[in-house]
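To start, the structure under review is shown below, and the notes come after it.
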């Protein structure tokens with residue numbers, strides 16, 4: 001198998017199924033590109049595409065999809081609970097197979113330059129592609145949203161990396177970059193006390209003094225009558241899934257609260273699953289190449 | 001990807017590298033077949049091939065390899081510590097991907113019929129392909145070895161499934177069948193007391209009242225100065241790796257002996273690794289399709 005890059009672009013349309021399909025079409029019937037998943041969320045009024053492919057083929061599909069979204073989505077008419085600054089809100093590239101983070105960064109910059117020129121769209125680079133450390137975090141780049149873009153452009157530290165120094169009248173701005181695969185991992189607690197989930201979340205996450213590549217918050221699962229520590233693991237090669245799980249368990253012990261289950265949302269890299277099994281079985285010298293299916297792919 | 005079958009044939013030659021290479025060649029440069037691994041063992045005087053492929057292409061390669069071995073190996077001249085009854089001793093087929101055990105059984109019978117006719121070779125079917133329950137176990141079929149074949153053929157319950165009612169003068173007989181993937185899993189104990197490893201092995205294995213699809217024995221690792229519970233898990237879908245590991249741990253506790261590591265020999269199916277991770281992380285509704293690389297293969 002050749003180089004494989006993933007792209008998980010977020011678009012600010014989660015209600016109009018005609019627009020959703022037109023954006024998704026940019027990833028259909030393209031040689032070298034596979035549309036793995038897409039779904040619109042009505043509350044967030046936002047759609048997320050998961051596509052994978054040979055880097056240049058994927059780039060072409062992403063550039064096309066951004067064009068479709070810029071043409072069809074007007075942020076002046078947009079409402080939704082999710083923060084956003086543009087018709088195309090964020091476009092992360094993730095190196096998957098036989099390609100490096102440097103290649104993902106280079107690809108993200110090619111896409112950024114091309115869409116800035118083609119669609120007269122201001123582009124911010126973020127995460128591994130960021131041009132300065134204060135631009136790495138998506139929440140910081142997006143702060144102020146579509147409505148605050150004009151004020152943001154007056155600040156020298158928020159000059160776009162590509163494109164004009166004014167917002168696109170209907171499509172705002174877009175944030176593009178390369179990042180590690182992200183694992184969405186949630187641990188369910190045997191209590192309905194949201195304060196306990198929040199307290200555990202604050203302790204295990206990076207900003208609270210916890211694990212470096214862990215973001216966490218407490219969430220109530222009202223239908224099930226329990227609470228959840230909902231997490232994003234932003235670099236599983238450094239902050240392992242099992243370490244996160246064990247730390248949540250340790251913190252829950254303090255409240256006498258049991259772990260009643262956990263869930264992985266979306267996809268998880270094989271190495272993260274193998275790493276977990278190897279830890280608990282205390283495996284010496286285990287390699288993912290010993291996993292039959294993986295061996296076959298090589 | 002299409003249907004994928006594995007074959008792990010064992011040949012009674014582990015010393016003559018010319019013969020070893022000629023047998024391996026049957027799996028080389030064949031469309032639809034991949035030679036994953038092969039190795040000869042001098043003490044056992046035996047070689048094991050691991051090959052995988054589209055069922056009919058794999059069948060052709062296996063039939064060819066059996067012909068090479070029948071021509072080149074003379075059991076009358078053969079010595080080695082491993083029990084064996086033929087130049088080609090045992091030929092297991094294992095369904096790997098998008099094919100069922102029934103298909104593996106059917107394929108094993110096609111190969112059995114073909115090699116019986118082509119090479120005038122008596123064939124026993126074993127495991128899932130066995131024609132009677134007393135023929136399922138390889139050790140029972142092989143009992144008596146090459147030297148005892150003539151006596152065996154006199155017993156009505158050991159009539160071969162295919163081929164003549166007499167042994168091939170130089171190649172003996174062959175056992176062919178379909179089985180589940182086998183996981184070779186060894187757990188290392190923090191002691192040099194072989195009796196403890198043996199005692200734990202006898203408790204966790206099926207014949208001692210232990211887990212149904214677990215074979216086990218105690219082994220000394222003299223270089224490391226420790227002992228090991230060495231196991232074959234013959235159906236990981238029924239007897240999970242984590243359950244075996246936890247049971248060994250429970251039995252070791254009785255002797256105050258710690259688990260100091262473990263090892264997987266050769267390949268392990270992805271589902272077995274995923275099952276282990278899901279158990280320890282208490283994952284709800286986890287599917288191997290959530291593993292990115294596996295998702296990509298689909």
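We did not get these values from a lab; they are worked out from the coordinates using the rules stated. Just so you know, these numbers come straight off a predicted model, no measurement behind them. Positions of Cβ are backbone-derived with ideal geometry, glycine not excepted, and every protein chain shown enters the neighbour counts.
Observations, loosely collected:
- By other beta-carbon atoms within 10 Å, ranking B:17, A:79, A:199 with the fewest at the front produces A:79, B:17, A:199.
- Cut-off 12 Å (backbone N to label point 7 Å along Cα→Cβ of residue A:97), residues of the range A:254-298: A:270, A:293-298
- Ranked list, fewest to most other Cβ atoms within 10 Å of each Cβ, for B:196, B:176: B:196, B:176
- Each residue of the range A:1-138 gets 103 Å³ once the volume of the Cα convex hull is shared out per residue.
- The angle between the Cα long axis of helix A:101-119 and the main principal axis of chain A comes to about 30°, on a 0 to 90 degree scale.
- The mean number of Cβ atoms from other chains found within 10 Å of a Cβ in peptide A:245-254 is 1, as a whole number.
- Per-selection Rg to Rh, the range A:1-65 - Cα, Kirkwood hydrodynamic radius: 1.00
- Descending principal axes extents, the range A:183-297, alpha-carbon based, whole Å: 46, 31, 23
- Along principal axes, Cα extents of the range B:127-238, largest first, whole Å: 52, 31, 21
- Angle in degrees between helix B:241-253 and the longest Cα principal axis of chain B, rounded to the nearest 10: 60
- Measuring r between the beta carbons of residue B:131 and residue B:151 and using R0 = 22 Å, the FRET efficiency lands at 0.60.
- Distances, shortest first, from the label point of residue B:79 to those at the same position in the other copies read 9.1 nm; the point lies 7 Å along Cα to C-beta.
- Of every Cα-Cα pair in chain B, the percent that sits beyond 34 Å: 26
- Point-to-point label distance, residue A:235-residue A:253, nm (Cα→Cβ direction, 7 Å offset): 2.8
- Within 10 Å of the Cβ of each residue in A:256-263, the mean number of Cβ atoms contributed by other protein chains is 3.
- Counting every other Cβ atom within 10 Å of each residue's Cβ, B:254, B:243, B:179 order from fewest to most as B:254, B:243, B:179.
- Sequence-separation-based contact order of the range A:25-122, relative, with Cα cut under 8 Å and 6+ spacing, percent: 23
- Label-reachable residues, the range B:149-185, where backbone N falls under 20 Å from a point 7 Å from residue B:77's Cα toward its Cβ: B:168-173
- For residue A:18, label point 7 Å along C-beta direction: distances to other copies, nm: 7.8
- The calculated 222 nm mean residue ellipticity attributable to helices in the protein assembly as shown amounts to -10000 deg cm²/dmol, summing -39500 (n - 2.57) over DSSP H runs of n ≥ 4 and dividing by all residues.
- Degrees, to the nearest 10: A:270-281 long Cα axis against longest axis of chain A: 10
- Label point 7 Å beyond Cα along the C-beta direction, distances from residue A:101 to other copies (nm, shortest first): 4.6
- Across all directions, the average projected area of the convex hull around the alpha carbons of the protein assembly as shown is 31.3 nm².
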